[in-house]
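Below you'll find the structure, written out as structure tokens, and then a few comments.
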Amino acid sequence: MRELAILTFVTLDGVMQGPSSPEVDPSGQFTRGGWAADYWEDVMAQVRQEAMAKPYDILFGRKTYELFAAHWPNAGDDNPVAKMMNNATKYVASSTLTTLEWKNSTLLTGDIVSEVSRLKEQDGPLLQIHGSWQLIQTLLAHELIDEFRLWTFPVVVGSGRRLFDQGTALTQLKLVKTAPCVNGAVMSIYRLNQ
């Protein structure tokens, strides 16, 4: 058995859409993308230390996979994050993709809840989701997420896709670790309160 964790950047008002740049995800007429750009350096140093130091497999939705696959294979293995991303096993939930070019990538089709449940039953490293809002909503609805690795930025954007969208079931979490960044962003790691 292995666990599933999400690694997500959110604004103070809970929006996770488009943290890195405006063009990453303008869906729903979202115009405030790039809200995390001024904070990246300090936050990413903490992310590498707290959430990327140990081996893990990655679970992606299609859009996030395409975004990462366009960048990381070209970043060079002298970059430690690129090396980890490129060598990790990547599982991609998609109903539209038929081939995956990024090495070590496996397509998940059909019933994603069953596929992710099957992955969790296997031996192996932690499964970690990066971004992938729609996939997270599906996994939340089916109580498949064991840990929430959140970085909250001191920014309010007002609208956009929220991590905990309307209709999210009541879930009690236990804070297991927290630490601020110098720039005001805060890391909070929560586990299901069982």
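The values are calculated or read from the model by the stated rules, or taken from the named source; none is laboratory data. If you're wondering where the values come from, they're calculated on a predicted model, not measured in any experiment. Cβ placement follows ideal geometry from the backbone for every residue including glycine, while neighbour counts extend to all protein chains displayed.
Tabulated data for the structure shown
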item: Qualifying residue in the stretch 60-70 (condition: surrounded by 13 or more Cβ atoms within 10 Å (Cβ to Cβ) and over 23 Å from GLY110 (Cα atoms)); result: no
item: Residue in the stretch 16-26 that is assigned to a loop (DSSP other than H, G, I, E, B), at pLDDT 90 or above, in contact with a Leu (Cβ under 7 Å, 6 or more places away or on another chain) and not aromatic (Phe, Trp, Tyr) present; result: yes
item: The listed residue being over 20 Å from VAL116 (Cα atoms) and either touching a Lys or Arg at 6+ places or on another chain (Cβ under 9 Å) or surrounded by fewer than 16 Cβ atoms within 10 Å (Cβ to Cβ) (or both), out of VAL92, VAL81; result: VAL81
item: Evaluation of LYS120 against (1) in contact with a His (Cβ under 7 Å, 6 or more places away or on another chain); (2) under 28 Å from ASN193 (Cα atoms) (one fails), failing number; result: (1)
item: Residue check, TRP133 surrounded by 19 or more Cβ atoms within 10 Å (Cβ to Cβ), of a type outside the set (A, V, I, L, M) and out of contact with any helix residue (DSSP H, G or I) (no Cβ under 6 Å at 6 or more places or on another chain); result: yes
item: In the stretch 48-59, residue surrounded by the most Cβ atoms within 10 Å (Cβ to Cβ) [restricted to those that are among the charged types (D, E, K, R) and outside any helix (DSSP H, G or I)]; result: ASP57
item: Answer residue from the stretch 142-172, given it is modelled with pLDDT under 90 and among the aliphatic types (A, V, I, L, M) and is surrounded by the most Cβ atoms within 10 Å (Cβ to Cβ) among those; result: ALA169
